[in-house]
Structure formats: C-alpha cells, structure tokens
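The values are calculated or read from the model by the stated rules, or taken from the named source; none is laboratory data. Remember, it's a predicted structure, so these values are computed and weren't measured experimentally. For neighbour counting, all protein chains shown are included, and Cβ atoms are generated from backbone atoms with ideal geometry for every residue, glycine included.
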Amino acid sequence: MNNLSNITTIKEILSRHGFHFSKALGQNFLINPTVCPRMAEQSGAAPETGVLEVGPGIGVLTRELAERAQKVVSVELDRRLLPVLQETLADYDNVTVINGDILKLDLKELLQREFAGMPVSVCANLPYYITSPVIMRLLEERLDITSLTVMVQKEAARRICAQPGTRECGAVTVAVHYYAEPEILFEVSRGSFLPAPNVDSSVIRLTLRKEPAVRVEDEAGFFSLWCARRSDKEEKRCSIPFRRASLCRKKRWAKRLTMRGLTAACAPSS
C-alpha cells in the first residue's frame, strides 16, 4: 500500500494521472502522517458507524476513516481526482466515492441511501473558501448526523468556536452555537500540507444538539437578523439590520439569546 504522506509518492501518483493542483479549488493535501489518524480517531468513526467525508483529495484521511468505520462515503468535486482515488483506495471495499458538489447534492437522500440507518458523522479537510457554506448547510438541513469534525483555517476555528460575549463572537458563531456545541481539538501547522498554504489550520468538532440552543418562533428572522449566511467581509456589516430593528425587537432577541448563553454581546452595538 502506498504511503500517502510521502511527498515523493504523492508526486508520483499525481504525475501518473496527469493531475495538477487547482488554486481555485483550494487544494492542499495533507502530508503530516500524524494528523489524519488523530483526526479520524476523534471524529467518532467506529465499527457499525458511517462517515460522510467532504473533499477526500488523494484519500489520506479517507483511509484512516475506512480503517475505523463500517462505511465511508466521500464526496469529491474534482473529477480529475477520481482515478487517483480509485488507485489509492483500491484496498478498501467499504469506501464509496461520489463525484459531486456537497453544496448541491440532496444530502438527506444520500444519507438514507448510503448509510441505511446507521449512526453517521462528518469528517473533512475543508477547502478554506467553502468552510462556512459547507458547515452551515450541514447544520441547517438538520441531517441525521451526530457530529462534524473538520479542519479549517485557524482564524475561522477561533471565530466558529468563540464563546458568546467575546470579541471574536460573530454571526457565524451564533449560528453554529444554535445548532451544535463547538470545540477546538488541535492545531495543524501550514507545513503539514502540499502545497503549503499561507496560514495554519485547526481541527474542530461540532457536536450536534438534539434541540436548538434557543427556541425561536421565527427561525428565518433569527438568522436574517444575525446575517448567519454572509461571508466574513459581509459579516462586518451585520450591525445594520440590528441597529435598524426596533428597540423592542432587539430586547426580545437579546432575552432569547441570553437564556442559553448566546448573549446579545455577540451582536455589534447599536
């Protein structure tokens, strides 16, 4: 079996299939041999459980998940990687690779079809440019999953897992806390990747709540108010609708948030 943490081996495999890295897709493959085993172990992958992986790359993390879980389904957007994965995952009959966009697939149907009622968790080394959209889609659709263990940019990890009331708490923080209990597991240096990105990363775990952190009558209004779907740049302008809201409405939302620790301190001041 090929050592997928060896740079020479990786380059040989990719060259054999005529593959070149795509900056547009944010492709950075893990080469640190200690990261994927640790990540797979802390993801909750175990016998009689299933794992949904997003962006398997060349299959380094996929192998570790397959060693632990009953079944792994990996969704890969880049069609050029399919023959690479066919080679690197040839020894695993419990792995299914789907060529598709995780943001467009019918995930509920996929889970029902592929995992047949077994407990399912998500594990992924997410491209930085789709971190928030992927996480929020997996949470908002209320899929039958137990947790998300994902590698993201270090700065994004701090923001996602920030405590309510702190300076780093923002709209994305509130949205994540609404659906899950987030925690930072460990950090991963930029030198752990090929090619090396310009920033360090962190592995975080979001344990899904059985019920949302707060009960709201108008969930759509709640997330509209907090601009939970907006990008980092747009998030800076999230104070606008909050400032324009009536004082009564502000107090009503603040009270609901404070009930479970999602304090109004997460919101920009009026």
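Results for (1) assigned to a loop (DSSP other than H, G, I, E, B); (2) at pLDDT 95 or above; (3) under 26 Å from Leu105 (Cβ atoms), shown as yes or no for each residue.
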| position | (1), (2), (3) |
| --- | --- |
| Ile10 | no, no, no |
| His20 | yes, no, yes |
| Gln27 | yes, no, yes |
| Ala45 | yes, yes, yes |
| Thr62 | no, yes, yes |
| Leu65 | no, yes, yes |
| Leu85 | no, yes, yes |
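Within the range 113-127, being touching a strand residue (DSSP E or B) at 6+ places or on another chain (Cβ under 6 Å), surrounded by fewer than 17 Cβ atoms within 10 Å (Cβ to Cβ) and part of a helix (DSSP H, G or I) holds for one residue alone: Glu114. The C-beta contact set for the range 155-172 (first residue farther than 17 Å from Thr207 by Cβ, second residue among the aromatic types (Phe, Trp, Tyr) and surrounded by 16 or more Cβ atoms within 10 Å (Cβ to Cβ), distance under 6 angstrom, 6+ apart or interchain) comprises Ala171/Trp226. Look at (1) of a type outside the set (Phe, Trp, Tyr); (2) outside any helix (DSSP H, G or I); (3) over 24 Å from Gly57 (Cβ atoms) and you find that Val176 fails only one, number (2). With the condition kept exactly as written, say whether any residue in the range 154-165 is surrounded by 22 or more Cβ atoms within 10 Å (Cβ to Cβ) and assigned to a strand (DSSP E or B). No: the range 154-165 contains no residue that is surrounded by 22 or more Cβ atoms within 10 Å (Cβ to Cβ) and assigned to a strand (DSSP E or B). Any chance the range 87-106 includes a residue that's surrounded by 13 or more Cβ atoms within 10 Å (Cβ to Cβ) and assigned to a helix (DSSP H, G or I)? Yes, the range 87-106 has at least one match.
Out of the residues in the range 132-153 that are part of a helix (DSSP H, G or I) and touching a Phe, Trp or Tyr at 6+ places or on another chain (Cβ under 8 Å), which is modelled with the lowest pLDDT? Walk me through it before giving the result.
Residues of the range 132-153 part of a helix (DSSP H, G or I): 132-140.
Then drop every residue that is not touching a Phe, Trp or Tyr at 6+ places or on another chain (Cβ under 8 Å), which leaves 139-140.
On the way: Leu139: 94, Glu140: 91.
Per the criteria, the residue is Glu140.
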